[in-house]
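All remarks here apply to the structure that follows.
The values are calculated or read from the model by the stated rules, or taken from the named source; none is laboratory data. Quick caveat, the model's predicted, so the values are computed rather than measured. Here the Cβ positions follow ideal geometry from the backbone for every residue, glycine too, while neighbour counts run over all protein chains shown.
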Amino acid sequence: MTKFLVSFPASAMDVPAEEMAAVSEASRAVIRDAKAAGVYVFGGGLNSEAASVMVAADGSCTAETYPQTRELDGGFCVLELPSRVLAVEWAARIATACRCSQELREFYYDPES
(Lines give C-alpha, C1' and ligand atoms only; values in the text may rest on other atoms or scores of the structure.)
Protein backbone atom coordinates (compact mmCIF):
# COMPACT_ATOMS: atom_id res chain seq x y z
CA MET A 1 0.00 0.00 0.00
CA THR A 2 1.06 3.55 -0.63
CA LYS A 3 1.34 6.34 1.92
CA PHE A 4 -0.15 9.72 1.03
CA LEU A 5 0.35 13.13 2.63
CA VAL A 6 -2.79 15.24 2.87
CA SER A 7 -1.99 18.79 3.97
CA PHE A 8 -2.95 22.45 3.94
CA PRO A 9 -1.23 25.71 4.94
CA ALA A 10 -2.65 27.55 7.94
CA SER A 11 -3.57 30.52 5.73
CA ALA A 12 -5.96 28.32 3.71
CA MET A 13 -8.28 27.92 6.69
CA ASP A 14 -10.31 31.10 6.55
CA VAL A 15 -13.01 30.10 9.03
CA PRO A 16 -14.84 32.52 11.33
CA ALA A 17 -13.91 32.02 14.99
CA GLU A 18 -17.48 31.06 15.90
CA GLU A 19 -17.36 28.16 13.40
CA MET A 20 -13.94 26.79 14.40
CA ALA A 21 -15.34 24.34 16.98
CA ALA A 22 -17.61 22.80 14.33
CA VAL A 23 -14.73 22.58 11.85
CA SER A 24 -12.51 20.95 14.48
CA GLU A 25 -15.16 18.36 15.30
CA ALA A 26 -15.84 17.64 11.62
CA SER A 27 -12.16 17.13 10.89
CA ARG A 28 -11.71 14.92 13.94
CA ALA A 29 -14.69 12.84 12.81
CA VAL A 30 -12.98 12.18 9.47
CA ILE A 31 -9.79 11.19 11.28
CA ARG A 32 -11.79 8.84 13.54
CA ASP A 33 -13.28 7.29 10.38
CA ALA A 34 -9.80 6.91 8.86
CA LYS A 35 -8.58 5.21 12.03
CA ALA A 36 -11.61 2.89 12.05
CA ALA A 37 -10.94 2.04 8.40
CA GLY A 38 -7.31 1.22 9.23
CA VAL A 39 -5.86 3.78 6.79
CA TYR A 40 -4.64 6.44 9.25
CA VAL A 41 -0.88 6.50 9.90
CA PHE A 42 -0.42 9.78 11.80
CA GLY A 43 -1.12 13.48 11.58
CA GLY A 44 -1.30 16.77 13.34
CA GLY A 45 -0.67 20.44 13.02
CA LEU A 46 2.70 22.14 12.93
CA ASN A 47 3.27 24.29 16.01
CA SER A 48 3.76 27.82 14.68
CA GLU A 49 4.91 29.01 18.12
CA ALA A 50 7.95 26.69 18.12
CA ALA A 51 10.66 28.09 15.86
CA SER A 52 12.15 25.73 13.32
CA VAL A 53 15.91 25.27 13.25
CA MET A 54 18.38 23.95 10.71
CA VAL A 55 20.28 20.95 12.09
CA ALA A 56 23.61 20.21 10.36
CA ALA A 57 25.26 16.82 9.99
CA ASP A 58 27.58 17.68 12.90
CA GLY A 59 24.55 18.30 15.14
CA SER A 60 24.89 22.08 15.25
CA CYS A 61 21.67 24.13 15.07
CA THR A 62 21.04 27.50 13.50
CA ALA A 63 17.87 29.61 13.57
CA GLU A 64 17.04 29.32 9.88
CA THR A 65 15.11 27.22 7.40
CA TYR A 66 15.37 26.32 3.77
CA PRO A 67 13.95 29.32 1.87
CA GLN A 68 11.36 27.15 0.10
CA THR A 69 9.93 25.88 3.43
CA ARG A 70 9.92 29.16 5.36
CA GLU A 71 6.11 29.25 5.10
CA LEU A 72 5.58 25.58 6.03
CA ASP A 73 2.73 25.52 8.53
CA GLY A 74 -0.78 24.17 8.92
CA GLY A 75 -2.13 20.68 9.32
CA PHE A 76 -1.44 17.33 7.76
CA CYS A 77 -2.11 13.64 7.97
CA VAL A 78 -0.55 10.57 6.43
CA LEU A 79 -2.86 7.88 5.13
CA GLU A 80 -1.94 4.45 3.79
CA LEU A 81 -4.20 3.43 0.94
CA PRO A 82 -4.25 0.95 -1.94
CA SER A 83 -4.85 3.59 -4.64
CA ARG A 84 -4.58 7.26 -5.52
CA VAL A 85 -8.31 7.25 -6.27
CA LEU A 86 -9.04 6.39 -2.63
CA ALA A 87 -6.50 8.98 -1.49
CA VAL A 88 -8.38 11.65 -3.46
CA GLU A 89 -11.65 10.52 -1.85
CA TRP A 90 -10.19 10.81 1.67
CA ALA A 91 -8.58 14.17 0.82
CA ALA A 92 -11.98 15.40 -0.36
CA ARG A 93 -13.55 14.34 2.94
CA ILE A 94 -10.85 16.21 4.84
CA ALA A 95 -11.28 19.26 2.59
CA THR A 96 -15.01 19.28 3.30
CA ALA A 97 -14.46 18.99 7.05
CA CYS A 98 -11.72 21.64 7.16
CA ARG A 99 -13.51 23.91 4.68
CA CYS A 100 -10.36 24.37 2.63
CA SER A 101 -8.62 22.59 -0.22
CA GLN A 102 -6.08 19.93 0.63
CA GLU A 103 -2.80 19.17 -1.11
CA LEU A 104 -2.27 15.48 -1.86
CA ARG A 105 1.21 14.04 -2.29
CA GLU A 106 2.37 10.48 -2.65
CA PHE A 107 5.34 9.15 -0.69
CA TYR A 108 8.02 7.40 -2.68
CA TYR A 109 8.12 3.74 -1.70
CA ASP A 110 11.28 2.67 0.09
CA PRO A 111 11.32 -0.87 1.49
CA GLU A 112 13.75 0.26 4.22
CA SER A 113 11.42 2.89 5.67
Practice task
Report yes if some residue within segment 15-38 is in contact with an Asp or Glu (Cβ under 8 Å, 6 or more places away or on another chain) and not small (Gly, Ala, Ser); otherwise report no.
Solution key: no
Practice task
Considering every residue within segment 74-82, establish whether at least one is touching a strand residue (DSSP E or B) at 6+ places or on another chain (Cβ under 8 Å) and exposed (fewer than 14 other Cβ atoms within 10 Å of the Cβ).
Solution key: yes
Exercise for the section: Return a yes/no flag: does segment 67-81 have any residue that is out of contact with any Phe, Trp or Tyr (no Cβ under 7 Å at 6 or more places or on another chain), free of Cβ contacts under 8 Å to residues at least 12 places away in the same chain and basic (Lys, Arg). Expected result: yes
Completion exercise
Within segment 74-102, the residues that are assigned to a helix (DSSP H, G or I) and among the acidic types (Asp, Glu) are Glu89
Exercise for the section: Being modelled with pLDDT under 95, more than 14 Å from Phe4 (Cβ to Cβ) and among the polar types (S, T, N, Q) narrows it down to one of Ser52, Ser60, Ser101, so name that one. Expected result: Ser52
Practice task
Taking Glu103 as meeting all but one of (1) among the charged types (D, E, K, R); (2) under 18 Å from Ile31 (Cβ atoms); (3) touching a helix residue (DSSP H, G or I) at 6+ places or on another chain (Cβ under 6 Å), write down the number of the exception.
Solution key: (3)
Completion exercise
Counted residues in segment 8-22 being in contact with a Cys (Cβ under 8 Å, 6 or more places away or on another chain) and not in a loop (DSSP other than H, G, I, E, B) come to 2
Fill in the blank from the handout: Checked segment 39-65 for anything exposed (fewer than 10 other Cβ atoms within 10 Å of the Cβ) and either of a type in the set (Asp, Glu) or touching a Leu at 6+ places or on another chain (Cβ under 9 Å) (or both); matches are Glu49, Asp58
Problem - Hits in segment 1-28 (condition: under 11 Å from Ala97 (Cβ atoms), loosely packed, with under 12 Cβ neighbours inside 10 Å and of a type outside the set (Lys, Arg)) - result: Glu25
Handout entry: Residue list for segment 23-44, filter: aromatic (Phe, Trp, Tyr) and either assigned to a helix (DSSP H, G or I) or in contact with a Ser or Thr (Cβ under 6 Å, 6 or more places away or on another chain) (or both)
Key = none
Fill in the blank from the handout: Apart from one, (1) at pLDDT 95 or above; (2) over 15 Å from the mean Cα position of the chain (by Cα) all hold for Val41; the odd one out is (2)
Exercise for the section: Name the one entry in Val55, Val39 that is of a type in the set (A, V, I, L, M, F, W, C) and without any contact (Cβ under 8 Å) to a residue 24 or more places away in the chain. Expected result: Val55
